[in-house]
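The values are calculated or read from the model by the stated rules, or taken from the named source; none is laboratory data. Keep in mind that what you see is a predicted model, and the values were worked out from it rather than measured. Cβ placement follows ideal geometry from the backbone for every residue including glycine, while neighbour counts extend to all protein chains displayed. Surface areas here come from the heavy atoms of the whole protein model, side chains and all, with no ligands, DNA or RNA. Shrake-Rupley method; radii C 1.70, N 1.55, O 1.52, S 1.80 Å.
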Amino acid sequence: MTTIAANLQAIQHNIEKTAQACRRNPEDIRLLAVSKTFDQQSVRHAWAAGQRRFAENYLQEALEKINALQDLAIEWHFIGPIQSNKTRAIAENFAWVHSVERLKIAQRLSDQRPDTLPPLQICLQINISGEDSKSGIPPEQCAELAAQVQSLPRLKLRGLMTVPARHVMVEQQQRSFQQLRQLLEQLNQQGMQLDTLSMGMSQDYPVAIAEGATLIRIGSALFGQRHNSK
Ligand SMILES: *Cc1c(COP(=O)(O)O)cnc(C)c1O
């Protein structure tokens, strides 16, 4: 068994254990393998162990991997910052985008999504902890952007994503995840039907699952430590 296969098994076991402890169905929690900085061979190992959803942050790196891995039916997710000159390649090559934070970007993704593909699945990135350095929109702006994105024909709004501040106490992490869940609940009370909370990474995914995460984004716990600091 490869290290990646063993890591994947351990994470899946942990997801099940955590789900049971908080009385959730483990099948409602999907694992997204964040393969940024790892080579295509690592992705192949994870695929061989049963992983089907992968996420990338950097477009150029992602396109090279997508191209090299065309023989595998991978569901690709884009989770990095989006510049407007990159939207076409994202619209053409990914199934999901988690990092939408501007209407202009959403409009371009919708316009550029090929008709031959299903609608692009979208999460809005929310800056829950309110740090200046973090990507994402403030929670107050979420409802307006959600309504605008919902009206775009080639996008399907699925939910919200966040990357909370690092190195905080468990209570603070919990609170950030709770806030994202409450924000999603508010949107659904206003008539939206959003089913996705993209939250939780290698360090904090059990906390995120306890607070309702449906899609957790795991990099280092699966592939190992990232050496490349980009
Ligand atoms: C890198 C990254 C992850 C994965 O982080 P790990 O701590 O390695 O699990 C998840 N989400 C986003 C947005 C990232 O950039």
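If you filter the stretch 200-224 down to residues that are in a loop (DSSP other than H, G, I, E, B) and surrounded by 19 or more Cβ atoms within 10 Å (Cβ to Cβ), you find that the one that is nearest to the ligand (Cβ to nearest atom) is G219. Entry remark, the stretch 11-33: residues being within 16 Å of the ligand (Cβ to nearest atom) and in contact with a helix residue (DSSP H, G or I) (Cβ under 8 Å, 6 or more places away or on another chain) number 7 in total. When the stretch 180-199 is filtered for residues that are over 24 Å from A10 (Cβ atoms) and open to solvent by less than 30 Å² (accessible area, probe 1.4 Å), the ones remaining, listed by number, are L180, L183, L184, L187, M192, L194, T196. Quick one: in the stretch 146-158, which of the residues that are part of a helix (DSSP H, G or I), touching a Leu at 6+ places or on another chain (Cβ under 8 Å) and open to solvent by 10 Å² or more (accessible area, probe 1.4 Å) is farthest from N188 (Cα to Cα)? This residue is Q148.
Any chance the stretch 121-137 includes a residue that's in contact (Cβ under 8 Å) with a residue 40 or more places away in the chain, under 17 Å from the mean Cα position of the chain (by Cα) and surrounded by fewer than 18 Cβ atoms within 10 Å (Cβ to Cβ)? Scanning the stretch 121-137, I find at least one residue that is in contact (Cβ under 8 Å) with a residue 40 or more places away in the chain, under 17 Å from the mean Cα position of the chain (by Cα) and surrounded by fewer than 18 Cβ atoms within 10 Å (Cβ to Cβ), so the answer is yes.
Look through the stretch 86-106, keep the residues that are buried (at least 21 other Cβ atoms within 10 Å of the Cβ) and under 19 Å from C142 (Cα atoms), and return whichever of them is farthest from the ligand (Cβ to nearest atom). Looking at residues that are buried (at least 21 other Cβ atoms within 10 Å of the Cβ) and under 19 Å from C142 (Cα atoms), I get A106.
Taking the criterion of being under 19 Å from Q12 (Cβ atoms) and either part of a loop (DSSP other than H, G, I, E, B) or open to solvent by 10 Å² or more (accessible area, probe 1.4 Å) (or both), would at least one residue in the stretch 159-179 satisfy it? No; the residues of the stretch 159-179 include none that is under 19 Å from Q12 (Cβ atoms) and either part of a loop (DSSP other than H, G, I, E, B) or open to solvent by 10 Å² or more (accessible area, probe 1.4 Å) (or both). For G136, state whether it is within 22 Å of E185 (Cα to Cα) and more than 14 Å from the ligand (Cβ to nearest atom). It is false that G136 is within 22 Å of E185 (Cα to Cα) and more than 14 Å from the ligand (Cβ to nearest atom).
Filtering the stretch 34-50 to residues that are within 15 Å of the ligand (Cβ to nearest atom) and either assigned to a helix (DSSP H, G or I) or farther than 24 Å from F78 by Cβ (or both) leaves S42, V43, A46.
Is it the case, given these coordinates, that E185 is within 23 Å of L31 (Cα to Cα) and more than 18 Å from the chain's Cα centre (by Cα)? Judged against the criteria, E185 is a match. None of E56, E61 is touching a Phe, Trp or Tyr at 6+ places or on another chain (Cβ under 7 Å), acidic (D, E) and within 16 Å of the ligand (Cβ to nearest atom) except E56.
Among the residues of the stretch 107-116, just one is open to solvent by less than 70 Å² (accessible area, probe 1.4 Å) and without any contact (Cβ under 8 Å) to a residue 24 or more places away in the chain, namely P114.
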